[in-house]
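A.B. asks: Supplied in structure tokens, the structure appears directly below.
The values are calculated or read from the model by the stated rules, or taken from the named source; none is laboratory data. Since the structure is predicted, the reported quantities are computational estimates derived from the model, not experimental observations. For neighbour counting, all protein chains shown are included, and Cβ atoms are generated from backbone atoms with ideal geometry for every residue, glycine included.
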Amino acid sequence: MEHDRKQTRAWVLHPDIKSDRDRRDAVPALEEGVALAAALPDLEVVGSTVVGLPKAHPGMLFGSGKIEELKTLFKAEEVELVLIDGPVSPVQQRNLEKAWKVKILDRTGLILEIFSDRARTREGVLQVEMAALSYQRTRLVRAWTHLERQRGGLGFVGGPGETQIEADRRAIDEQLVRLRRQLDKVVKTRTLHRAARAKVPYPIVALVGYTNAGKSTLFNRLTGAEVMAKDMLFATLDPTMRRVELPDGPEVILSDTVGFISDLPTELVASFRATLEEVLAADVILHVRDISHSDTEHQAEDVEQILSSLGVDEDRTVIEVWNKIDHLSEEEADACRQRADRNDSLYAISAITGEGLPQLLHDIAMKLQGVRVDEVLTLDFSQGKQRAWLFKQDVVQEENQTDTGFEISVRWTEKQKAQYAAL
């Protein structure tokens, strides 16, 4: 009975720290924080605030005046949980919880919560548990409080009963070692699956992008599959693979991956490496962007940064897909279409209306196999080896026997033509 449970009243704060050179634009950052919180079914976000600060206060994060002001606000709004969209040290967390008499969760804790709620595969679950333990290990300033849950989850957000667990570092480390062993086993079987798949001559097309860019909607549109495509951050956590036949092109395996996010906590980058390993095996990477988002440029930079940190090499085919042009004004949408017309690795599409998809699919097919051309070859009976090679390559469209041999119509790429010439 999901919906009968009482939701926790939460407030989102985004500390806009002026001394932080890398700080993001406060308004979209706060919106993202609220969207993150909305991704958890147990939370009801009752309000949100940007708090401007010259610099972070080491013990309390905020100054004493601001702490008092917020305390009054939280009390009036009956807030039970405050989500701080940024890093909060264990000491700051303990002090703020004492001052405000509410539970505090920082950005990392919130993302872990969401990840644990979304992970579907065995590997995903193990990765989240490990990330959560590494995070907890840094927080052993006080006894860690685990709150019971009726659903899965890590117990950072309140539930009905409260049980105290005295977890010391050794216990956590032992658990980490155990989880690491289990994960190695799971990853090994995945590697075997991948080896088996490598024998299948299907190229892999991976969808990557900032969270909520519309990857799952696009994936569903292309595969007819019902992958969870809610308008929620991190709706997809485990790589989802489907076979798709491209129009007059090869069959491909389409892979939908977890959404990227800026300032992804370090504990998570490491543990989600394997979820993104599929990307390293991809022949073509589709970088899906929500072009209607006010922060789309920064989001794209974050994605590119994570791809290069994963080790995606320069010569990999990356196609940029500007999604959600249906959210733009006609003028802006036209400007996007014109940019796309001038750049052959850029497409302006709408995964919702389907605009731009036929051209995108056609060009993916071209990039995967080069342009195929039709030719007619004349072989004599002695060229059995060449004839067998053509059939093995699956390029033969039609064959007619003549008095001296065979007339064979083929559709092939320049590369195949050159290979044939070298026989």
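A.B. asks: Being in a helix (DSSP H, G or I), out of contact with any Gly (no Cβ under 9 Å at 6 or more places or on another chain) and not assigned by TED's automatic domain parsing to the domain that holds residue 261 narrows it down to one of 91, 34, so name that one. Spell out how you get there, then give the answer.
C.D. replies: Values: 91 fails: out of contact with any Gly (no Cβ under 9 Å at 6 or more places or on another chain).
Only one candidate qualifies: 34.
A.B. asks: Among the listed residues 375, 331, which satisfies the condition of being modelled with pLDDT of 95 or more, surrounded by fewer than 15 Cβ atoms within 10 Å (Cβ to Cβ) and more than 15 Å from residue 285 (Cα to Cα)? Full working, then the answer.
C.D. replies: Details: 375 fails: modelled with pLDDT of 95 or more.
Going through 375, 331 in turn, just one is modelled with pLDDT of 95 or more, surrounded by fewer than 15 Cβ atoms within 10 Å (Cβ to Cβ) and more than 15 Å from residue 285 (Cα to Cα): 331.
A.B. asks: Does residue 220 meet the test of being farther than 22 Å from residue 281 by Cα and modelled with pLDDT of 65 or more?
C.D. replies: no
A.B. asks: Collect the residues in the stretch 252-285 that are modelled with pLDDT of 70 or more, over 10 Å from the mean Cα position of the chain (by Cα) and in a helix (DSSP H, G or I), keeping them in residue-number order.
C.D. replies: 268, 279, 280
A.B. asks: Ok, one more. Is there a residue being assigned to a helix (DSSP H, G or I) and among the hydrophobic types (A, V, I, L, M, F, W, C) anywhere in the stretch 6-21?
C.D. replies: no
A.B. asks: A further question on this structure: Pick out the one residue from 394, 315 that is outside any strand (DSSP E or B) and more than 28 Å from the chain's Cα centre (by Cα).
C.D. replies: Answer to the selection: 394.
A.B. asks: List pairs: first residue in the stretch 50-65 and part of a helix (DSSP H, G or I), second residue surrounded by 13 or more Cβ atoms within 10 Å (Cβ to Cβ) and not hydrophobic (A, V, I, L, M, F, W, C) anywhere in the structure, Cβ distance under 9 angstrom, at least six positions apart or on different chains.
C.D. replies: Short answer, once both residue conditions are applied: 64/57.
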